[in-house]
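Below is one structure, written out as structure tokens; comments come after it.
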Amino acid sequence: LEFDQLRPEAADQQWGPRMQDLRAEYVHRVDPKIQEDVGFAFDELSNRHAAGLGRQGMAVRQGRARVQLDEYQRGIEQAAPAMDQDTELAMLEQYADSLADAVDQGILTPEQARDQMLRTQQTVQQTRALRLLDTAPASLVQSIDEGANNLIEPPPVESLRARARSAIAQQNSATERELERQEKERETAVGDELRTMRDVAREGRTYAPEA
């Protein structure tokens, strides 16, 4: 029971020496004639319990490794909006290595690792696409046309493309309105200056434009 409360690493380290001490203690308490039988019985019980502890320890290690993988995945997804492409690639490569280790250790099947990697890449692509939609919709359309968002399902990609084109149209419209406003201001300023020049000339004075 005392080993059930220990961390798997500590239980592995302490199990052997502790069982040797207990075996010697129990065997030497009984009649020498049955010491061998008691020793066999103790070994059988010890091995059975050791197998149970081993399974328990494996479950704990696997659970801990899964939590670490989930935390790393969430870290990538949370950092995605601010990551540049090089950082994104580096973090995804590290995550892929962690998934490969999990497969080697029997924590994940190859199919589970592939699915987790795909979901993470999809989330990162989706996050990057939304960032471009806000900051550079033309770049988003270009990246979609070039297949840079190939892991996102087709309907969402087409929706992103349509939203990006709408944003581009709005930007162009806003630019045109601003140019028209500036042109009107320029025309008004020129007209005001011409009227001032005319008034000054009528008064027989010399026009001196403002700096």
Among the residues of the range 88-98, are any farther than 30 Å from Asp134 by Cβ, over 19 Å from the mean Cα position of the chain (by Cα) and modelled with pLDDT of 85 or more? no
Would you call Ala164 within 25 Å of the chain's Cα centre (by Cα), under 19 Å from Met83 (Cα atoms) and open to solvent by less than 60 Å² (accessible area, probe 1.4 Å)? no
Residue pairs qualifying under the 7 Å Cβ cut-off, at least six apart or on distinct chains, with the first in the range 29-47 being in a helix (DSSP H, G or I) and the second being open to solvent by 80 Å² or more (accessible area, probe 1.4 Å), are Val38/Tyr26; Gly39/Arg23; Phe42/Arg23; Phe42/Tyr26
Collect the residues in the range 99-126 that are of a type outside the set (S, T, N, Q), closer than 30 Å to Ala164 by Cα and crowded, with 19+ Cβ neighbours inside 10 Å, keeping them in residue-number order. Val124
In the set Ala96, Ala80, Ala129, which member is open to solvent by less than 50 Å² (accessible area, probe 1.4 Å) and farther than 28 Å from Ala169 by Cβ? Ala96
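The values are calculated or read from the model by the stated rules, or taken from the named source; none is laboratory data. Nothing here was measured: the structure is a model prediction, and the numbers come from that model. Cβ: placed from backbone, ideal geometry, glycine included. Neighbour counts: every protein chain shown. Heavy atoms of the whole protein, side chains included, go into the accessibility calculation; ligands, DNA and RNA do not. Shrake-Rupley method; radii C 1.70, N 1.55, O 1.52, S 1.80 Å.
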